[in-house]
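Engineer: Sending over a structure as structure tokens; questions will come in a sec.
The values are calculated or read from the model by the stated rules, or taken from the named source; none is laboratory data. This is a predicted model, so every value here is computed, not measured. We place every Cβ from the backbone using ideal geometry, glycine too, and count neighbours over all the protein chains shown.
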Amino acid sequence: MTRHVTVGLDNSPESLAAAHWAARDAGLRGADLLLVHVEEWPLPVAVAMPTVTREDHRTWADRLLESAVGELRSTHPGLRISTRRVSGRPPAGLAAVAADAELLVLGSRGLGTVMGALMGSVGLATIGATRTPVVVVRAEGNVGGHARDKDVVVGVDLHRPADPVLAFAFGEAARRGCALRAVHGWKLPLAVGHSADARAEGERKAAAALAAALRPWREEYPSVEVVERPVPGSAAQVLVDEAGEAGLVVVGRHVRHAPLPHIGHVAHAAMHHCRAPVAVVAHD
């Protein structure tokens with residue numbers, strides 16, 4: 001099957017920014033790009049218009065996809081781009097189409113019939129419905145593609161194995177030729193106290209554990225410059241603080257078999273507060 005990157009497209013500037021980001025990422029991967037519009041019918045109440053028929057909406061969606069293809073081909077002339085219009089609920093539709101993709105890319109505040117607000121139930125459900133890595137892109141500063149000279153920042157959870165997260169982060173840094181900043185937020189156990197000696201020992205242990213987790217990936221990607229950042233504080237706040245000038249932020253999502261979508265508080269914080277695109281990588 002042809003390697004490809006999938007992007008959800010609607011009528012928002014955020015989804016167009018996501019398409020531009022996805023186009024360059026697909027080019028770096030040597031993959032094709034698939035633009036997908038999910039037709040939810042009948043239209044949600046918030047956007048429904050009594051004079052619009054289903055055929056009208058399909059015509060509009062096809063024109064939307066064609067317009068995006070034209071714009072992307074002008075900036076990525078060598079990229080193979082295809083489109084697909086599918087019917088159904090947006091989370092399930094996007095997850096199904098992206099099941100065999102290397103990456104699913106979404107606009108961070110897509111409106112209309114595809115996404116709803118990212119932080120609302122539709123966006124979270126889309127992320128929770130797929131094991132494909134999902135990159136969330138804001139419109140500001142991302143229409144032209146990637147920040148080429150900025151680091152990839154990855155949040156490292158040392159309390160559970162997360163090799164897929166590190167594999168994704170190292171791969172992205174290698175493709176972009178940029179540094180990888182590996183961030184781990186650590187806290188002292190309450191029983192230890194907060195003396196200078198205890199703090200120094202906590203920092204030493206955190207640094208050693210982070211170095212051990214990164215060692216095999218450093219060996220696999222010797223060309224990637226790695227900056228190790230064990231920082232005292234909560235994992236979510238430390239990651240957001242460290243990601244201020246990032247080109248891409250990578251976080252893990254622990255897969256839980258639960259009726260409601262769950263992405264974890266660190267991923268949630270990154271998507272709310274980081275201006276850079278955020279990649280959410282599912283792992284067991």
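Engineer: Any idea which of ARG218, ARG253 is at pLDDT 95 or above and within 23 Å of the chain's Cα centre (by Cα)?
Structural biologist: Working: ARG253 fails: at pLDDT 95 or above.
Every option except ARG218 fails the conditions.
Engineer: For region 139-173, name all the residues that are in a loop (DSSP other than H, G, I, E, B) and at pLDDT 85 or above.
Structural biologist: Passing the criteria: LYS150, ASP151, VAL156, ASP157, LEU158, HIS159.
Engineer: Which residues, counting only those in region 1-19, are over 14 Å from the mean Cα position of the chain (by Cα) and either of a type in the set (Gly, Ala, Ser) or not in a strand (DSSP E or B) (or both)?
Structural biologist: MET1, THR2, ARG3, LEU9, ASP10, ASN11, SER12, PRO13, LEU16
Engineer: Next question, about the same structure. How many residues, within region 85-99, are touching an Asp or Glu at 6+ places or on another chain (Cβ under 6 Å) and of a type in the set (Val, Ile, Thr)?
Structural biologist: The total comes to 0.
Engineer: Out of the residues in region 192-215 that are in contact with a strand residue (DSSP E or B) (Cβ under 7 Å, 6 or more places away or on another chain) and crowded, with 16+ Cβ neighbours inside 10 Å, state the one that is modelled with the lowest pLDDT.
Structural biologist: Across region 192-215, the extreme among qualifying residues is GLY202.
Engineer: Sticking with this one: Can you pull out the residues in region 211-270 that are among the acidic types (Asp, Glu) and either within 15 Å of VAL165 (Cβ to Cβ) or not in a loop (DSSP other than H, G, I, E, B) (or both)?
Structural biologist: Step one: filter region 211-270 for residues among the acidic types (Asp, Glu), giving 219-220, 225, 228, 241-242, 245.
Hits for region 211-270 are GLU219, GLU220, GLU228, ASP241, GLU242.
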